[in-house]
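Scroll down for the structure; my scribbles are underneath it.
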Amino acid sequence: MPVTSAIGLSKPLRNLLLVGITAALLAGCATNRTSMPSPDYSGMAAGQTQQTLADLTARYKSNPRDKNIVIHFAAALRAVGQSGQAVAVLETGMTTFPKDPDIAIAYAKALTADGRFEQSLQVLDNTIRPETPDWNALMVKGATLDQLGRNAEARQLYGQALVFAPGEASIEANIGLSYAMTNELPAAEQHLRRAVQMKGATSRIRQNLALVVGLQGRFEEARALYAAELPPEQVASNMTYVRALLTQQNRWDLIDKG
């Protein structure tokens, strides 16, 4: 399985970066904010995610020209791994709303989820206004650069986004996941712990903290963090996944034993 560096983490972990790019409403700071908050269904329990997708599928079929429904439907599709279908939905949305930043950012996010990174960057570069950059767009671009292994550039964009949206949990979480992708797990944990204390922190952010804690060998602590968010069967599945990641990368000798 591909790795990000000689002792980097495997590709499945890289994909987790995408779940950190949701954008919650700002509390009292709308500066440089032109797009709508991005929905995130990735942190739900499996049954809840499927029900949400079913509901949004019906709503989309009834009203495919409603911008909000298009964006939420695409987000629900991404949450169940249907990134290609999400791209198709948003390509239709781009035709209906050719200059709408909300649709463009959602489209870029779906492209990144589908592995079409360069196309996503092109969409974002056409959307971001240098004089008044949208912090959500900056964050999606950062996530895309992280997927390409351009982590230093990504962190610069996250830093810029934080200037415009201080205290935004999703940005802080993305910084943490960026460090996780380069195997700098203590730094990743520091930023994720900061993120979970911020307004707008999601269940997915708390689950990513659990993952990073687990990857440092603190399994009981990770299990407790997961248990606060997920049903028992998913907790067990996630812990199996954490151990499998460590085994795949032969990282047992690198984890913190303390």
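The values are calculated or read from the model by the stated rules, or taken from the named source; none is laboratory data. All of these numbers come straight from a predicted model, not from anything done at the bench. Note: ideal-geometry Cβ built from the backbone for every residue, glycine included; neighbour counts use all protein chains shown.
Computed values, structure above
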read-out: Exclusive hit being outside any helix (DSSP H, G or I), touching a helix residue (DSSP H, G or I) at 6+ places or on another chain (Cβ under 9 Å) and not hydroxyl-bearing (Ser, Thr, Tyr), set 166, 133; value: 133
read-out: Of the criteria (1) over 16 Å from the mean Cα position of the chain (by Cα); (2) farther than 23 Å from residue 46 by Cα; (3) at pLDDT below 95, which one residue 231 fails; value: (2)
read-out: From the options 112, 132, residue that is surrounded by fewer than 16 Cβ atoms within 10 Å (Cβ to Cβ) and touching a residue at least 60 places away in the same chain (Cβ under 8 Å); value: 132
read-out: Considering residues of segment 184-235 that are of a type in the set (S, T, N, Q) and surrounded by 19 or more Cβ atoms within 10 Å (Cβ to Cβ) only, the residue nearest to residue 162 (Cα to Cα); value: 202
read-out: Qualifying residues in segment 136-152 (those that are in a helix (DSSP H, G or I), of a type outside the set (A, V, I, L, M, F, W, C) and out of contact with any Lys or Arg (no Cβ under 9 Å at 6 or more places or on another chain)) - the one nearest to residue 108 (Cα to Cα); value: 141
